[in-house]
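The values are calculated or read from the model by the stated rules, or taken from the named source; none is laboratory data. Predicted model, so just to flag it, every value in this text is computed and none were measured. Here the Cβ positions follow ideal geometry from the backbone for every residue, glycine too, while neighbour counts run over all protein chains shown. SASA here: full protein model, heavy atoms, side chains in, ligands and nucleic acids out. Shrake-Rupley method; radii C 1.70, N 1.55, O 1.52, S 1.80 Å.
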2 protein chains.
Amino acid sequence: MGLDSNFSPQKRTSSLPTTVAKGRHSSGRGGPPRGRQIQKTFNNIKITILCGFVTILVLRGTIGVNLSSSESDAVNQNLIEETNRILAEIRSDSDPTDPAQPERDLFLNETYALGPRISSWDSDRKIWLENNPEFPNFVSRNRPRVLLLSGSPPNPCDNAIGDHYLLKAIKNKIDYCRLHGIEIVYNMAHLDRELAGYWAKLPMIRRLMLSHPEVEWIWWMDSDALFTDMVFEIPFEKYKEYNMVIHGYPDLFYDQKSWIALNTGSFLLRNCQWTLDLLDTWAPMGPKGPIREEAGKVVTKFLNGRPDFEADDQSALIYLLLTQKEKWMDKVHIENSYYLHGFWTGLVDTYEDLMAKYQPGYGDQRWPFVTHFVGCKPCGSYADYPVERCLRSMERAFNFADNQVLNLYGFGHRGLLSPKIKRKRNETVSPLEYVDKFDIRRSSSDGTSRLSR
Amino acid sequence: MGLDSNFSPQKRTSSLPTTVAKGRHSSGRGGPPRGRQIQKTFNNIKITILCGFVTILVLRGTIGVNLSSSESDAVNQNLIEETNRILAEIRSDSDPTDPAQPERDLFLNETYALGPRISSWDSDRKIWLENNPEFPNFVSRNRPRVLLLSGSPPNPCDNAIGDHYLLKAIKNKIDYCRLHGIEIVYNMAHLDRELAGYWAKLPMIRRLMLSHPEVEWIWWMDSDALFTDMVFEIPFEKYKEYNMVIHGYPDLFYDQKSWIALNTGSFLLRNCQWTLDLLDTWAPMGPKGPIREEAGKVVTKFLNGRPDFEADDQSALIYLLLTQKEKWMDKVHIENSYYLHGFWTGLVDTYEDLMAKYQPGYGDQRWPFVTHFVGCKPCGSYADYPVERCLRSMERAFNFADNQVLNLYGFGHRGLLSPKIKRKRNETVSPLEYVDKFDIRRSSSDGTSRLSR
C-alpha cells in the first residue's frame, strides 16, 4: 500500500482551517443573509476541495506505488505472461487431424488391459538374446543389464521451484547410473491416458520390457527419490530366484496389512513372463474414474491405516499381493537390509553424523542408499510437509550425494545447504594417483570400497 | 488496486451536505459570537469527520481487495515467499568454518592458470590405459569412449520456465547418449569462481580429462542445444588425426575473421596433451573482472562483427586459433558437413518438410543433428529473441527429437507443439519384430539405417 505510515486522517485534517478567515464578506453583526449564503457555499466548497484533495492523496499513494515499480518488474511480468500464454497454447491439443481418443467408459466387469496378452515372453526373449549376442542381458560377469526408469509430467510444475528440483534429481540419477553402468529412461509422456499420475509407470514398464529384451531388470524410481550412497550396489546375486525386489517390512505386510508395508517409489522388476502377468493383474485397478474410485474403497477397507481416496498403485499392489500371496509372494523379495527406499524424515538430519562416523557403501542406516522425499511434492502445490523443510532437506540430500561424486574431482560442497563448492585437494601434476584412489567404479569392480571421506 | 472503478472524488463529495442544517444554535439576526463559534467548530468537526470518512472508504477499498483475495492466492503467495526465503538462505554461503576465498587480483602480466602445468599426459595416460584394461578408451571396435559434458548454474533460473526446458534438454541428451553408448556428466557447480558463466566449461573439461583417462573424447554441449537426429553418429574415424572438432566455416574463419566463425556450443576435444596445452592458452582470457574486460576489447578489435562486451570463450578461442594458427590449426577440424551445431532459426520451421521428405540419420540440413537455441536464454531474463518464438521453437525441436525415440515404443507426439502422444502402431503379441525393425542402436551397430518414418 502506498500510504505513508504516518498518515492519519486526524493529522491531515488538523491542517484544515479551524476558523473562517474574516474577510470582506464575513458577516458582521446583523450581516446580510446573502453574505451568510456565500459564506456557507464557500465553506462547502472548502469541504469539497479538501475532501477531494485528501482522496487524491490517498489514491496517489496507492497508484503511485504501482506506477513507480521498476522496469524490471514490468519486464518480468511481461515474460511471465508471454510464457503462460505460449504454454497454454502448447498444452492445448492442437492437432486437428487426429480425433480425440474417446474416453473409455469401463465398468467393473470389463477389465482394463495394458495390451494383448503375451504368454510366451520367456522363450521369445531367450531366443532373441541367443540371436543377438551383441545385446547381452548382462554388462559384466556378475552384473545384469539394468535400466532405470523415472519420469515426470510433460508440463511445467505448478510450483516454479519444482522443475529445478526435478533437474537436480535427474542429475543425481545420471551420476549414480554413470558410475554403475545403468541405462536411464526418463519418461515425460503419458502412454495411456487412463493410467496417468502414479499409475503411469505401469504401461511404461511394460513397454520398456517388450522393447528392450536385452534389459534384465527394470528399476522404477520416483522423481522425488535421490541416490545418497553413490558407492552401494544392489546385490543382484541375492535375487537370482526372485522377480520383484521392493522395500518394505514383512510384519507390516503380512500381519498388519498396512497400506505402507511396501513402497513403490523404488523397486525392481525382472524382464520376464511373471512380471507381465503381475502388471496385467495390477493395472486393472488403475483406470481413472469410477474404477479407480471403487478400487480405492476396496483397498481402504482391506488395508490398515489407509485414508479414503482413489486407488494408488502402491495400495493396489499390496492388496493384490496379499489377496493372491500364494501366486506371487514366492518371487517377491521384501527388502529392508538396505534403503532401496529410505523415508526422508528420519534420514536427512543425520548426514553430518554419518559423515563423521562412516563412509559410502553401506546403503543402510549408516549411509542410506536412497533418500525418498515422500509427501514433499515440489512439483505440485499441496505438500504434506512445510515447503521450507522439504526444500532444505532435498538440498541437503542432493549435496550429500554430490559430494561423493565431486570427491573424485577434488571438490566438495561448502556445506550441505550450499550450492558452492570448494577444493578438498590441491591440483597436482600427477592426477592419476587420485583416479586410482577415488574413482568409485574401481571400488565397485574389485569389490572393495576405497572411497575415503 | 482496490478502488471501485466508479469511484471519483466528485461523486463522493456530492453526497456531502451543501447547506448547514439549521438548529438551535444557528445564528439568527445578530446571533451571539459564542453561537457563531460553536457553529464554526461544529462545521470543522463535520469537515474532519467527512474527510476522515472519505479517507477510510478509500483505504478500505484498497485494503478490502487484498483481504478478499482467494485462499489459493494466499497459499500460492505463501508458497512463493517460503520458497524464496529458503532459496536465499540456501544460496548464501553459510559455512562459517571455511574463510571466503579471497578475490584474486590478477593483472595483465600475471597469467591465470587452470592448474599446475602437466606436460607428460600422453605417456602417463598411455601407461594407465595399459595397466587398466577393464577401462579401455574404446567401447567397441570402431567407437572411442566419449563423455558428453553439459551443465547449468546451481541456482534456479531467473525465469520459471527455464528450469523446465533445462529438464527437457537433459532428457533429450539422456536419450541420445543411451542410444549411442555415451556417458554424461551434467555439471551444476562452479569449479572456479573466476571462470564462471560461459567460461565454466574450461576447468570442468580439464578436470574430467584428468579424472577420466579412459575417456577418449570430451564433448561439450550447451544446455540450450538439443539433439534432433537420434540416429546420426559422429564419424570419429574421420578425426583420427585431429584433436578438436568444432562447427564453423573456414571462409568466415580465415578470411573474414568473424566472431561467429566457430561455435563453442557443441565441440569435441581429444583427451591428450595437445588439449591440455590449448586449455592452458585459452583460459587466461577468461578470469572475470579487468582481465576479461580487457580481453573483450582485444577480441572486439581483432574480430569482425563483434559487439563490445567482455571476452566470451568463443571469441577468445577464435582469436587464439587465428593468431597462433600455425601452432594449432593442423589439429583442429572445422566441421560443417553436418550440424554438430545447428543454428535454430533456420531449422525449426523446416521439421515438417523434413519429415515428409527424409528420415533420421543424415545429420545435415536434411535432418539436423543438433539444433542449438543460441540467444534464447530460457534460463535467464534477457533473450535476444521473443520469448514466445523461443519457447515454441524449443518445444518443436524437443518433440521432433522425442518422436524418434518414441518410435521404438510405437508412439509419437500428436503434433510438434503437443506434449501429448498417440499410438502409431497397435500393440502386438510379437513385440520383438518391432525391436528388430525400429531399435536405433541396431541400425548404428550394423551401419545401415533402418529407421522408418
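Computed values, structure above
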{"quantity": "16 Å Cα-Cα reach of residue A:377 towards lysines, excluding residues that sit fewer than 8 places from it in its own chain", "calculated": "A:168"}
{"quantity": "At R0 = 30 Å, FRET efficiency that the Cβ-Cβ distance of residue B:255 and residue B:309 yields, to 0.05", "calculated": "0.80"}
{"quantity": "The range B:173-258: GluC sites (Glu not before Pro) falling in loop per DSSP and having at most 16 other Cβ within 10 Å", "calculated": "B:241"}
{"quantity": "Estimated FRET transfer efficiency (residue A:293, residue A:424; beta-carbon r; R0 56 Å; 0.05)", "calculated": "0.55"}
{"quantity": "Amide H contacts under 5 Å for residue A:225, placed H, 5+ residues apart", "calculated": "A:373"}
{"quantity": "Pairwise FRET efficiency - residue B:198 versus residue A:436, Cβ, R0 = 41 Å, nearest 0.05", "calculated": "0.80"}
{"quantity": "Nonlocal amide H pairs with residue B:148, under 5 Å, H built at 1.01 Å", "calculated": "B:183, B:184, B:185, B:219"}
{"quantity": "Copy-to-copy label separations for residue A:293, where each label sits 7 Å from Cα toward Cβ, in nm and ascending", "calculated": "6.7"}
{"quantity": "Label-to-label distance, nm, for residues given as residue B:352 and residue A:324 (7 Å Cα→Cβ offset)", "calculated": "4.6 nm"}
{"quantity": "Inter-copy separations for residue B:389, label at 7 Å along Cα-Cβ, nm, ascending", "calculated": "4.9"}
{"quantity": "Between the range A:201-242 and the range A:374-440, the Cα center-to-center distance that results, in Å", "calculated": "24 Å"}
{"quantity": "Prolate/oblate/rounded call for the range B:249-322, Cα gyration tensor, a/c under 1.5 rounded", "calculated": "oblate"}
{"quantity": "Set of lysines with alpha-carbon distance to residue A:46 below 19 Å, sequence-local pairs under 8 removed", "calculated": "A:11, A:22, B:11, B:40, B:46"}
{"quantity": "Per-residue average of Cβ from other chains inside 10 Å of A:148-158", "calculated": "3"}
{"quantity": "Cα principal axis extents for the range B:281-369, largest first, Å", "calculated": "52, 29, 21"}
{"quantity": "Inter-site label distance for residue B:336 and residue B:388 at 7 Å from Cα along Cβ, in nm", "calculated": "3.4 nm"}
{"quantity": "5 angstrom amide H check on residue A:335, placed H, neighbours 5+ away", "calculated": "A:246, A:247, A:248"}
{"quantity": "Contour excess over end-to-end distance, with Cα ends at residue A:345 and residue A:122 and 0.36 nm allotted per residue", "calculated": "76.2 nm"}
{"quantity": "3J(HN,Hα) from dihedral phi, the range B:202-217, Karplus parametrisation 6.51/-1.76/1.60, rounded to Hz, x for glycine, proline", "calculated": "5, x, 5, 4, 4, 4, 5, 4, 6, 8, 10, x, 6, 7, 8, 10"}
{"quantity": "Vicinal HN-Hα couplings computed from phi for the range B:163-172 (Karplus, 6.51 cos²θ - 1.76 cosθ + 1.60; Hz; Gly/Pro x)", "calculated": "5, 5, 6, 5, 5, 5, 5, 6, 4, 4"}
{"quantity": "Sequence-distant lysines (8 or more away, or on other chains) whose Cα lies within less than 24 Å of residue A:325", "calculated": "A:201, A:238, A:240, A:257, A:297, A:301"}
{"quantity": "Shortest-first distances to equivalent copies, position residue B:155, nm, label 7 Å out along Cβ", "calculated": "3.0"}
{"quantity": "Cα centroid of the range B:159-193 to Cα centroid of the range B:306-373, whole Å", "calculated": "19 Å"}
{"quantity": "Karplus-derived 3J(HN,Hα), 6.51/-1.76/1.60, for each residue of the range B:402-412, Hz, glycine and proline x", "calculated": "4, 4, 6, 7, 5, 4, 4, 8, x, 10, x"}
{"quantity": "Heavy-atom accessible surface that A and B bury in contact, both chains counted, 1.4 Å, Å² to 100", "calculated": "10900 Å²"}
